[in-house]
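Here's the structure we're looking at; comments come further down.
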Amino acid sequence: MINIEINGKQVTVPKGGTVMDGARQLGIYIPHFCYHKKLSIAANCRMCLVQVEKAPKPLPACATPATEGMKVYTHSQQAVTAQKGVMEFLLINHPLDCPICDQGGECQLQDLAVGYGASESRYQEAKRVVTNKNLGPLISTDMTRCIHCTRCVRFGQEIAGIMELGQAGRGEHSEILAFVGKTVDSELSGNVIDLCPVGALVSKPFRYSARTWELSRRKSISPHCGLGSNLIVQVKIDRVMRVLPRENEEINECWLSDKDRFSYEGLNSEDRLTTPMIKRNGQWHSCDWPEALIFTVDGLKSVMERHGAKGIGALGSAHSTLEELFLLQKLIRALGGGNIDHRVRQADFRADSNLQGVPWLGMNIADVQQLKSVLIIGSTLRKDHPLLAHRFRQAVKNGAQLNIINPMDDDLLMRVANRAIIAPSEMVNMLARVLKAMIEAKSSEGISKHIMQSLEAVNVTDEAQTIANSMLTNSPAAIFLGNIAQHHPSYADIHAIAQVIAKLAGASFGFLGEAANSVGAYLAGAIPNQGVLGSEIKHAEPPFNAAQMLGNSPNNAVPPCKAYILMNLEPELDAYNPQQAMKVIDNAEFVVSLSSFRGNITNYADVILPIAPFTETSGTFVNTEGRVQSFNGVVSPLGDTRPGWKVLRVLGNLLQLDGFDYETSEQIRAQVIPAEDVITRYLNNDLKDYAINIPSEEMIGLQRIGEVPIYQADPIVRRAESLQLTSDAAPPKVWLPTVLLEQLNVNEGEIVRLKQGDGEVQLEVACDDELPFNCVRVASAHSNTIALGALFGEISVEKL
Amino acid sequence: MTQSVQVILADVNPTDPENWRLKSYLKRDGYAALKKIIANKIPPENVIEEVKKSALRGRGGAGFPTGLKWSFMPRQYEGDKYLVCNSDEGEPGTFKDRDIMRYNPHILIEGMAIAAYAMGAKTGYNYVHGEIWETYERMEEAVEEARLAGFLGNNILGSDFSFQLYNHHGYGAYICGEETALLESIEGKKGQPRFKPPFPASYGLYGKPTTINNTETFASVPWIIRHGGEKYLQLGKPNNGGTKIFSISGHVNKPGNYEVPLGIPFAELLEMAGGMRGGRKLKGCIPGGSSMPVLPGDVMMKTDMDYDSIAKAGSMLGSGAVIIMDDTTCMVRALERLSYFYYEESCGQCTPCREGTGWLYRIINRIEHGKGRPEDLDLLDNLADNIQGRTICALGDAAAMPVRAMLQHFRDEFVYHIEHKKCMV
Amino acid sequence: MLSTESLEKINREIAKYPTDQKQSAVMSALAIAQDEKGWLATETMDFIAKYLGMPAIAVYEVATFYNMYNLKPVGKYKLTVCTNLPCALSGGNDAANYLKQKLGVGFNETSADGLFTLKEGECMGACGDAPVLLVNNKQMCSFMSNEQIDQLLEELRK
Ligand SMILES: Cc1cc2nc3c(=O)[nH]c(=O)nc-3n(C[C@H](O)[C@H](O)[C@H](O)COP(=O)(O)O)c2cc1C
Ligand code: SF4
Ligand code: FES
């Protein structure tokens, strides 16, 4: 530790710390532009010059290491003269167009110019003008305002992991730009808007729509991936105008993914529902709430009369709030049924009864950065978890070895130490090989006989060996199952083997939570075999899980439900097998949809109850690390929209069920999350007594790799206009390795026919030679591919 | 005084096309110093000690004591260490390194090999100025010769000392002469200087300990090893050991490189260069490359050519580029051209230099074109103040110092320009 | 994209640097590509980026930072005249003016016949030989009096 003195005050900074670090600790503000606590030090703006005793010239506080006994003056004559000199230089070529600049009101240059600028300019020469650049649908530029702090460039290099912006040219002619003809496509790109201290990089969707001082700032929580990013939602006249990060070191730090930042556009989309709607005699009518609710109650009752409560299936998206999911399961169970689930993209439920608790990350988000070896199984990491990917990236930068077992080899923008890129049908085998390698290297102690037997026929490969070694020799280590693993038809086996591997390696084991409330949905009891907080539920007949309800059960003898209650779901986009799901839903007698958006609901539902998205209701999300985060509505519900929890509560009342008298969402939350309880004790990734099954024969024929594209993952983001213009939202193509292209005699760019089950689509072909042999990559959750079947499994490709 | 002893250019014959080759160099006792060190297994510390004794000071511009710089390299460091030669000679007026490389390339190679030996560096890069392609090609050939003869490469001269040397060709950026910009450039980036600390000795090329010296600095080393540091020191003056190559340009009869002992009177040097062209009067002289303050002719004529004397006279010896200006020179125009240079060559990284150099140039350009304003001179002075000492690298100082010195010594001329909207010469 | 000869040259440059530092060869790779193609088109820079495994924008940064890269097509011969102070004191500007007049172009322009592009250069480290000019980044011509310039142009025109 080093002791220094700043403006006469003592402060201690760690070795290697700077004068700026010391000042920040003391709460002394030193003006700066290029310095940013999360980025490397550039020391290029020179705004932070301060006087240091014995130094002949002023020194930049951001870059000057603290040395024992150093005396610093941040506001002395020398310091202030230097700072004013720099400010003058910064302003000579700046357009000073604050009145028309979007940054006005939140501009660091504007703020500091007030304190450090002269009232009149001594610069009489012509000002520099810089042409604007097209950086894509999210970032708008006004490059004449740029002060060359290079924060945006460093962000790309250091945080996003991809250098898309650079400073070309030199001297006064230097400009921030992307490579000729390129846009900025990183899924974290919007952060440069926050980083830019002036109005050079501003939000394209937000541009010109409001002045910053007209906006009120409200706190919220992101409803998308499992991270649970903290948000500031900015509101003007009851409309969400912009979303910014709310700093939380333990979750999103000061960043947001583009999905979290820009998907608010979906909230204001044309497709929003504003009134309840019912279908009578094949005709849709808007109606008032009482009518819609009575219609709903009648419909449900009539199904129950004929088929009993087990005839009703309830499916709620894990993007719903804890309160909504709690009430949905409570409603179904109070009616005497039990068909409730949120895991609509899960295919394999064999290990459901072996689960010992709620699957979660297995560790704190922030601790990911400390890992030294990581194995990620089945994930499009960057696209499914953009900001978690950044944590992994930092870990890799700090020396962690990243190992992946995945059916595709997309660029993760970080160094991958070992990779096993294999067909989905090979994943269980691959894990078995890693396990075997580990047992051979370490010991078989504690490994069940059954597993030892199943491993007999397994041959260790080099890939498996290196991955096993990486986990064994580097600690702390961790294994994570991504979305692809969780959707996989052999999820249970993947889960079980990964768990054994983790135990053997002394590694932490966890899940990358797919949705904002993947953990919360379990806690709320929105699963068939357990109630709130894992409480036991007794059933005469086992209730249906999501796969069974949606007709995707291996045991097709089980008839699916006669009525469905869908919450925040678009089954044709959200189900593991949309073809099958739509078949059973179309055949149902009665379908209720609680949704914020109209979408295709009128094609299959009988009643539509418009419920509020996260910005218009209070609620709670429990993120993937088990952190409970509640929020309030930031605007009032649109039109006749009502918060989901209120709608479910009234339904409960109308159905004359007990215990539906909640006044506030807090009361509901208290039913799930007891105040004094530690929620983490309900989190547990272990499977008990699950008998692992390692497939012996290889799958023949072509198999699909069906991932969910980043901007198709949930109903809100699907409607975010600007995000839909990004390259990540481009219509899906069918990706094949060259061998397959040759076998099929098709070329890139050609259109082919794809068939799964009794559905088919035609898509453009593209080549990806990193794909395993006989694998066909076709994204799901997109209107162009909903006619297809399961995310994984057989698919056929035909030349047209 | 005659050219009593030459250290670097001794027996160098530019007119003989084979003179630069290894064969000729060996005849001139070339590589004797390297052989001596290796044969006698002289401990690296002793080599550094010898260089310290010689009072050799960096010839790249800053005049930093070379032996001291070498001693900063971490001895015990396990990983790779690098040695880098700064042959990016771009300081206006300087053209000595080019001659060393094209007429006596092996002396540089030998000097670097000795330095590598002394500091435990296994790899070296010689960064050659972009515009001198033919010289770069020659360096490539010379390095190949040395490699084939066993003076470079693995197990040099059968010892366990190994040193690989490569040439890296610049491509037109003055700023790459600044040592950390040069390192960035070798790393394949824009040549933008790094903030120091950390200094290259702890965090240099690829983040590894690195020592950077000028071509002439390295080229002085073989002589020092052969004849001893003491002897080298005696060639010059205390604290200003050895000889120095002065590049003389401008209004003289015989512009060119002159290697002379440090401390000779300027008048003598001027005479060696054939005296003033056309017998005109010496108006001003920039004694150390364009970045250094100009001195009036009469001051120069009384000054000796060594680091300390020139500093006392109010300028700096810098790279030893002596720019001679006679009484036909318009100082406003001269300064305008220099300011344009710094404006064009600023790397654009830090605010005072990026913005300030352009501003300086535009004002001087205005004055030169008869559009000066009375308040401009104070403004120039103040802007130079706001640049100097506030930038990441010394280019900011290099842009500011000439302005201040010109205004200090030739203010009348600037005033005349502003008042009369034309030149007085 | 580039000839095998150029690629071999680039490979030789790459070999000068540690194996994980291929980017160090970007300057020479660009120079070699420019020698082959005359200038650096976007595709050329993109190719080099991929070849060296670096971001395209980082290649662009380099290509725009150093003076001697041609980001636009130039004439068959690019003539760069040093006009910096030491050269100017010995006729650098006169040489430049003479060239302008002979070629009928200003700086950064190409003669009507497409043969010559004239550039203003900064110090080439050859001030003792002033006036100096550089042909196509490679050939340094010293003491360029008007007669010498005439002779050079004549030779190049051949
Ligand atoms: C703008 C600028 C340009 C420089 N140009 C050169 C140069 O062309 N050659 C050189 O050797 N040193 C140059 N230097 C000095 C180097 O930074 C460094 O001090 C020198 O190479 C060290 O070598 P030495 O100790 O042998 O002098 C320059 C410095 C600055 C700030
Ligand atoms: S002083 Fe000029 S050249 Fe040096 S770092 Fe700053 S901008 Fe670049
Ligand atoms: S904040 Fe220190 S130089 Fe920019």
Only one of (1) free of Cβ contacts under 8 Å to residues at least 60 places away in the same chain; (2) within 14 Å of ligand 1 (Cβ to nearest atom); (3) buried (at least 19 other Cβ atoms within 10 Å of the Cβ) does not apply to B:Gly372, and that is (2)
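Would you pick out the residues in the range A:45-64 that are charged (D, E, K, R) and either more than 8 Å from chain B (Cβ to nearest Cβ) or crowded, with 23+ Cβ neighbours inside 10 Å (or both)?
The initial filter retains those residues of the range A:45-64 that are charged (D, E, K, R), namely A:46, A:53-54, A:57.
Hits for the range A:45-64 are A:Arg46, A:Glu53, A:Lys54.
Which fully enclosed helices (runs of 4 or more DSSP H) of the range B:1-72 have 3 or more residues being within 23 Å of the chain's Cα centre (by Cα) and of a type outside the set (A, V, I, L, M, F, W, C)? Can you show your working first?
Values: elements: B:22-27, B:32-39, B:44-54, B:66-71.
Counting at least 3 such residues, we get B:44-54, B:66-71.
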Has the range B:398-413 got at least one residue that is surrounded by fewer than 22 Cβ atoms within 10 Å (Cβ to Cβ), within 24 Å of A:Met47 (Cβ to Cβ) and either within 16 Å of ligand 3 (Cβ to nearest atom) or of a type in the set (Gly, Ala, Ser) (or both)? no
Within the range B:159-185, restricting attention to residues that are within 10 Å of another protein chain (Cβ to nearest Cβ), away from ligand 2 (no atom under 16 Å from the Cβ) and out of contact with any helix residue (DSSP H, G or I) (no Cβ under 6 Å at 6 or more places or on another chain), which residue is farthest from B:Glu134 (Cα to Cα)? B:Gln164
Can you report the number of residues in the range A:396-411 which are closer than 21 Å to A:Leu472 by Cβ, touching a strand residue (DSSP E or B) at 6+ places or on another chain (Cβ under 8 Å) and part of a loop (DSSP other than H, G, I, E, B)? 1
Could you please find all residues in the range A:1-38 being part of a loop (DSSP other than H, G, I, E, B), within 14 Å of chain B (Cβ to nearest Cβ) and more than 9 Å from ligand 3 (Cβ to nearest atom)? A:Lys15, A:Gly16, A:Gly17
Among the residues of the range A:146-186, the number that are facing another protein chain (nearest Cβ under 7 Å), in a loop (DSSP other than H, G, I, E, B) and closer than 25 Å to B:Tyr342 by Cα is 4
Looking only at residues in the range C:4-20 that are within 19 Å of B:Tyr127 (Cα to Cα) and surrounded by 16 or more Cβ atoms within 10 Å (Cβ to Cβ), which one is nearest to the other protein chains (Cβ to nearest Cβ)? C:Lys16
Across the range C:66-124, what is the number of residues that are part of a loop (DSSP other than H, G, I, E, B), within 14 Å of chain B (Cβ to nearest Cβ) and more than 17 Å from the chain's Cα centre (by Cα)? 4
Members of the range A:730-762 found to be of a type in the set (Asp, Glu) and assigned to a helix (DSSP H, G or I), listed by number: A:Glu742
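Okay, residues lined up against (1) more than 21 Å from the chain's Cα centre (by Cα); (2) more than 16 Å from ligand 1 (Cβ to nearest atom); (3) at pLDDT 95 or above; (4) at positive phi:
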| residue | (1), (2), (3), (4) |
| --- | --- |
| B:Glu368 | yes, yes, yes, no |
| B:Leu383 | yes, yes, yes, no |
| B:Arg390 | yes, no, yes, no |
| B:Pro402 | no, no, yes, no |
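Mind checking whether some residue in the range B:207-219 is among the aromatic types (Phe, Trp, Tyr), assigned to a loop (DSSP other than H, G, I, E, B) and within 13 Å of ligand 1 (Cβ to nearest atom)? Spell out how you get there, then give the answer.
Taking the range B:207-219 and keeping what is among the aromatic types (Phe, Trp, Tyr), we get B:218.
With the extra rule that they be assigned to a loop (DSSP other than H, G, I, E, B), the set shrinks to none.
Looking for residues that are among the aromatic types (Phe, Trp, Tyr), assigned to a loop (DSSP other than H, G, I, E, B) and within 13 Å of ligand 1 (Cβ to nearest atom), one finds none in the range B:207-219, hence no.
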List the pairs whose first member sits in the range A:281-293 and is within 16 Å of A:Phe590 (Cβ to Cβ), whose second member is among the basic types (Lys, Arg) and modelled with pLDDT under 95, and whose Cβ atoms are under 8 Å apart, counting only residues at least 6 apart or on separate chains? none
A:Asp194 fails exactly one of (1) within 25 Å of the chain's Cα centre (by Cα); (2) within 13 Å of chain B (Cβ to nearest Cβ); (3) part of a helix (DSSP H, G or I), namely (2)
Determine the pairs where a residue that is closer than 15 Å to B:Tyr171 by Cα, located within the range C:11-40, has a partner that is in a loop (DSSP other than H, G, I, E, B) and basic (Lys, Arg) with Cβ atoms under 7 Å apart, the partner being 6 or more residues away or on another chain. C:Trp39/C:Lys72
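Conditions tested, residue by residue: (1) assigned to a loop (DSSP other than H, G, I, E, B); (2) loosely packed, with under 15 Cβ neighbours inside 10 Å.
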site: A:Trp645; (1), (2): no, no
site: A:Gln656; (1), (2): yes, yes
site: A:Gln667; (1), (2): no, yes
site: A:Gln671; (1), (2): no, no
site: A:Thr680; (1), (2): no, yes
site: A:Glu698; (1), (2): yes, yes
site: A:Tyr711; (1), (2): no, no
site: A:Ala720; (1), (2): yes, no
site: A:Asp728; (1), (2): no, no
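Quick one: is A:Phe349 in contact with a Lys or Arg (Cβ under 9 Å, 6 or more places away or on another chain), buried (at least 24 other Cβ atoms within 10 Å of the Cβ) and at pLDDT 95 or above? Break it down into steps so the answer makes sense when it comes.
Numbers: in contact with a Lys or Arg (Cβ under 9 Å, 6 or more places away or on another chain): yes; buried (at least 24 other Cβ atoms within 10 Å of the Cβ): no; at pLDDT 95 or above: yes.
Here the answer is no, as A:Phe349 does not meet what is asked.
How many residues are assigned to a strand (DSSP E or B), facing another protein chain (nearest Cβ under 10 Å) and surrounded by 24 or more Cβ atoms within 10 Å (Cβ to Cβ) if we restrict to the range B:83-126? Write out each step before concluding.
Narrowing the range B:83-126 to residues assigned to a strand (DSSP E or B): B:83-87, B:123-126.
With facing another protein chain (nearest Cβ under 10 Å) added as a condition, the list becomes B:87, B:123, B:125.
The next check asks that each one be surrounded by 24 or more Cβ atoms within 10 Å (Cβ to Cβ); those that pass are B:87, B:125.
Number of matching residues: 2.
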Only one residue in C:Ala41, C:Ala49 is more than 13 Å from chain B (Cβ to nearest Cβ) and either of a type in the set (Val, Ile, Thr) or out of contact with any strand residue (DSSP E or B) (no Cβ under 9 Å at 6 or more places or on another chain) (or both), so which one is that? C:Ala41
Restricting to the range A:53-68, give me the number of residues that are assigned to a strand (DSSP E or B) and either away from ligand 2 (no atom under 16 Å from the Cβ) or touching a Phe, Trp or Tyr at 6+ places or on another chain (Cβ under 6 Å) (or both). 1
When the range B:179-206 is examined, which residues are found to be closer than 20 Å to B:Ala115 by Cα and near ligand 1 (Cβ under 8 Å from one of its atoms)? B:Glu179, B:Thr180, B:Leu182
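Report yes if some residue within the range B:202-210 is modelled with pLDDT of 95 or more, on the phi > 0 side of the Ramachandran plot and more than 15 Å from ligand 2 (Cβ to nearest atom); otherwise report no. Full working, then the answer.
Residues of the range B:202-210 that are modelled with pLDDT of 95 or more, as a first pass: B:202-210.
Cutting the leftovers down to on the phi > 0 side of the Ramachandran plot gives us B:206-207.
From what is left, the residues that are more than 15 Å from ligand 2 (Cβ to nearest atom) are B:206-207.
Scanning the range B:202-210, I find at least one residue that is modelled with pLDDT of 95 or more, on the phi > 0 side of the Ramachandran plot and more than 15 Å from ligand 2 (Cβ to nearest atom), so the answer is yes.
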Mind checking which residues of the range A:111-133 are touching a residue at least 40 places away in the same chain (Cβ under 8 Å) and farther than 20 Å from A:His173 by Cβ? A:Leu112, A:Gly115, A:Tyr116
How many residues are touching a Lys or Arg at 6+ places or on another chain (Cβ under 8 Å) and either within 16 Å of ligand 2 (Cβ to nearest atom) or within 13 Å of A:Leu90 (Cβ to Cβ) (or both) when one looks only at the range A:34-52? 5
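B:Pro352: within 27 Å of A:Arg128 (Cα to Cα), out of contact with any Cys (no Cβ under 7 Å at 6 or more places or on another chain) and surrounded by 24 or more Cβ atoms within 10 Å (Cβ to Cβ), yes or no? So that I can check it myself, show each step before the final result.
Details: within 27 Å of A:Arg128 (Cα to Cα): yes; out of contact with any Cys (no Cβ under 7 Å at 6 or more places or on another chain): yes; surrounded by 24 or more Cβ atoms within 10 Å (Cβ to Cβ): yes.
The answer is yes for B:Pro352.
For (1) within 21 Å of B:His169 (Cβ to Cβ); (2) buried (at least 23 other Cβ atoms within 10 Å of the Cβ), each residue gets a yes or a no:
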{"site": "C:Pro55", "(1), (2)": "no, no"}
{"site": "C:Thr64", "(1), (2)": "yes, no"}
{"site": "C:Met68", "(1), (2)": "yes, yes"}
{"site": "C:Val105", "(1), (2)": "no, no"}
{"site": "C:Asn108", "(1), (2)": "no, no"}
{"site": "C:Gly125", "(1), (2)": "yes, yes"}
{"site": "C:Leu133", "(1), (2)": "yes, yes"}
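The values are calculated or read from the model by the stated rules, or taken from the named source; none is laboratory data. Keep in mind the model is a prediction, meaning the values are calculated, not measured. With ideal geometry, Cβ positions are generated from the backbone for all residues, glycine too; neighbour counts draw on all protein chains shown.
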